[in-house]
Amino acid sequence: MLNIVYFTRPEFFGHEAEQIVAHFEKGLQILHLRKPDASAAEYETLLRQIPEVYHERITLHDHFELADRFAIGGVHLNRRNPTYSGARRLRISKSCHSIDELRDISKFDYVTLSPIFNSISKAGYNSAFSHEDLLHYSKIGLINEKVYALGGVNFENIHKLEQYAFGGCAMLGAVWSK
């Protein structure tokens, strides 16, 4: 069974906190708070609208300094924020966009590999991997339980990921109503 995480839309939208809480109430285990253009104050405003009981299930993509203040459960390393130097042990994930980046993932709880399918939320961001490549990389162990598929994943195509040995997937465009 695949682990499923959700990424927030990059822009804020009305009733976002309520939708996040509803996803948690339905069983969502991990939410990636990803707002690349947002300030720390904007992150704080959203986090204050989400009950503390869910903060452990949130992973920050920016403003890692908020992790301790809000008892956040994880951080996601990316091009904007390639390292985490906090004292508290958190769930650490990382963005990967090539197979070569999967060769040293042992220090992470999981990584995302993208784009697996054509993106739902980013026009023109098409799959970077063929079916044959994904089968090959799973056969040799580069795609494994620590690798989560990202990019174009929805509830109609999620079943296709099992043949590639992904440990999970991340969804963005498929889960947020406007």
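What follows draws every value from the coordinates through simple rules; no lab data is involved. What you see is a predicted model, and the numbers here were worked out from it, not measured in a lab. Heads up, the Cβs are rebuilt from the backbone with ideal geometry, glycines too, and the neighbour counts pull from every protein chain shown.
Structure above, values below:
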item: Odd one out for Cys169, checked against (1) surrounded by fewer than 18 Cβ atoms within 10 Å (Cβ to Cβ); (2) outside any loop (DSSP other than H, G, I, E, B); (3) of a type outside the set (Val, Ile, Thr); result: (1)
item: Residues that are surrounded by fewer than 16 Cβ atoms within 10 Å (Cβ to Cβ) and under 15 Å from Ile72 (Cβ atoms), drawn from the range 18-31; result: Gln29
item: The range 114-138, subset in contact (Cβ under 8 Å) with a residue 24 or more places away in the chain and part of a helix (DSSP H, G or I), residue surrounded by the most Cβ atoms within 10 Å (Cβ to Cβ); result: Leu134
item: Pair list, Cβ under 6 Å, 6 or more apart: the range 78-92 residue charged (D, E, K, R), other residue buried (at least 16 other Cβ atoms within 10 Å of the Cβ); result: Arg91/Gly73; Arg91/Gly74
item: Which numbered condition Arg34 fails, given (1) surrounded by fewer than 19 Cβ atoms within 10 Å (Cβ to Cβ); (2) within 23 Å of Tyr148 (Cβ to Cβ); (3) not aliphatic (A, V, I, L, M); result: (1)
item: Among (1) under 15 Å from Val5 (Cβ atoms); (2) assigned to a helix (DSSP H, G or I) - the single one Tyr148 does not satisfy; result: (2)
item: Residue within the range 79-90 that is in contact with a Leu (Cβ under 6 Å, 6 or more places away or on another chain) and either aliphatic (A, V, I, L, M) or closer than 18 Å to Gly173 by Cβ (or both) present; result: no
